[in-house]
1. Go through the range 13-41 and give me each residue that's assigned to a helix (DSSP H, G or I) and either of a type in the set (A, V, I, L, M) or in contact (Cβ under 8 Å) with a residue 40 or more places away in the chain (or both).
2. Here are some conditions: (1) modelled with pLDDT of 90 or more; (2) touching a Gly at 6+ places or on another chain (Cβ under 8 Å). Met1 meets all but one. Which one does it not meet?
3. Name the residues in the range 52-62 that are in contact (Cβ under 8 Å) with a residue 12 or more places away in the chain and not basic (Lys, Arg), would you?
4. With modelled with pLDDT of 95 or more and out of contact with any strand residue (DSSP E or B) (no Cβ under 8 Å at 6 or more places or on another chain) as the only criterion, which of Ala66, Ala79 stands out?
5. Name the single residue that is surrounded by the fewest Cβ atoms within 10 Å (Cβ to Cβ) among those in the range 13-46 being farther than 19 Å from Pro73 by Cβ and β-branched (Val, Ile, Thr).
Amino acid sequence: MSNVSSLAAYWDTASVGCTFRKGNFDTAENIVSAAWALAQYSEVGYHLGQIKEKHGNKDEAIHLYALASVAKPSGAGSALRAWIGWR
């Protein structure tokens, strides 16, 4: 995994763990959006979709879920792959 890819995965993981779960959706959106801009990993797109959904942006969330469903997995997690049925 390249340094940029690693950074994107780290930002996503840190944001979800430290900001999203604590309800700080604005900060989470900023960090996860930056991670998505660096590397369009399925997990990152899924998390950004969740954040958009929490903000009430259902159309954006649906769009991000669709993008995440065809994006490459980071290799850092398998939850999304299991959720969308990848083997």
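1. Thr13, Ala14, Val16, Ala28, Ile31, Val32, Ala34, Ala35, Ala37, Leu38, listed by residue number.
2. Met1 satisfies all of (1) modelled with pLDDT of 90 or more; (2) touching a Gly at 6+ places or on another chain (Cβ under 8 Å) except (1).
3. Residues satisfying the conditions are His55, Ala61, Ile62.
4. Among Ala66, Ala79, only Ala66 is modelled with pLDDT of 95 or more and out of contact with any strand residue (DSSP E or B) (no Cβ under 8 Å at 6 or more places or on another chain).
5. Per the criteria, the residue is Thr27.
The values are calculated or read from the model by the stated rules, or taken from the named source; none is laboratory data. Just so you know, these numbers come straight off a predicted model, no measurement behind them. A quick note on method: Cβ atoms are made from the backbone with ideal geometry, for glycine too, and the neighbour counts reach across all protein chains shown.
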